[in-house]
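FYI, it's all coordinate maths here, none of it is from the lab. Remember, it's a predicted structure, so these values are computed and weren't measured experimentally. Cβ sites come from the backbone with ideal geometry, for glycine too, and all protein chains shown count toward neighbours.
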Amino acid sequence: MEMPAAGSSPDSVDGLAEHQLDFRDLDALTSLIGHEAVTRLKQLPTEFARLKPRAKGLGGRASALRVSSVFVRRYTADTRPWFMFHHDVPPLTANVALAGDCCHEGGRLLGLFANAVQLVEREEGEVTVHAKGLLHGVTRMRSGVRYSLIIFYREREGVRSFVDGDEE
């Protein structure tokens, strides 16, 4: 098992320090959250496709999506105060609130859907899942610390399988 490596190198989206902890394999994540939780995270693409059958860009490919990247992102007013609006590159993203919105000021997840910018209020442990077409960001942190577990899912073909640990 390889433990996560913390990093604050520039983020590929906005160039700010990323302040994240990258997981190199699922063993480290499993040791922290348990086998049942990891199994549920692995099943999210299929569940998302069932609930949102018209999700842009996903089509019938949900069963081919595998966990490709997992990291914990940390936001504070002094270090990583916000995240600009952006689209994710992978076909599907899961964002797990590791602290509820009540635990910090600011740092709210926003998404552009239903023709408006929407606030996505979350409690600790709630998961927000979206396809790559969703424009989203995080408002400026004013106080406290916000943590999110981010999981990117990609098609198995041509991507090192994070879950299976082999090349496809």
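Going by a ≥ b ≥ c, the root eigenvalues of the Cα gyration tensor, does the stretch 17-155 fall in the rounded group (a/c under 1.5), the prolate group (a/b larger than b/c) or the oblate group?
Note, shape of the stretch 17-155 comes out oblate.
Amide H of Gly106: which non-local residues (sequence gap of 5 or more, or other chain) have their own amide H closer than 5 Å, using H built in the peptide plane?
Here Arg142 satisfy the definition.
Say each of Arg156 and Ala37 gets a label point 7 Å from the Cα, pointing the same way as Cα to Cβ; how far apart are those two points in nm?
Each label point is offset 7 Å from its Cα along the Cβ direction, giving 2.6 nm.
Thr46 to Leu135: extension gain in nm, 0.36 nm per residue of separation minus the Cα-Cα distance?
29.9 nm
Hey, can you grab everything whose amide H is under 5 Å from the amide H of Gln118? Only 5+ residues off in sequence or another chain; H modelled, so Pro and N-termini drop out.
Gly111, Leu112, Phe113
Spelling out what I want: for every residue of the stretch 107-115, take phi, set θ = phi - 60°, compute 6.51 cos²θ - 1.76 cosθ + 1.60 (Karplus), and round to whole Hz; glycine and proline get x.
x, 8, 6, 10, x, 9, 8, 6, 6
Over the stretch 84-157, one equal point on each Cα, no solvent: what is log10 I(q)/I(0) by the Debye formula at q = 0.16, 0.18, 0.22 Å⁻¹?
Those come out to -0.57, -0.71, -1.01, one per q.
Hey, what do the phi angles of the stretch 35-47 turn into as Karplus ³J(HN,Hα) couplings, whole Hz, using 6.51/-1.76/1.60 and θ = phi - 60°, x for Gly and Pro?
Along the stretch 35-47, the couplings run 5, 4, 5, 5, 4, 5, 5, 5, 8, 4, x, 5, 5 Hz.
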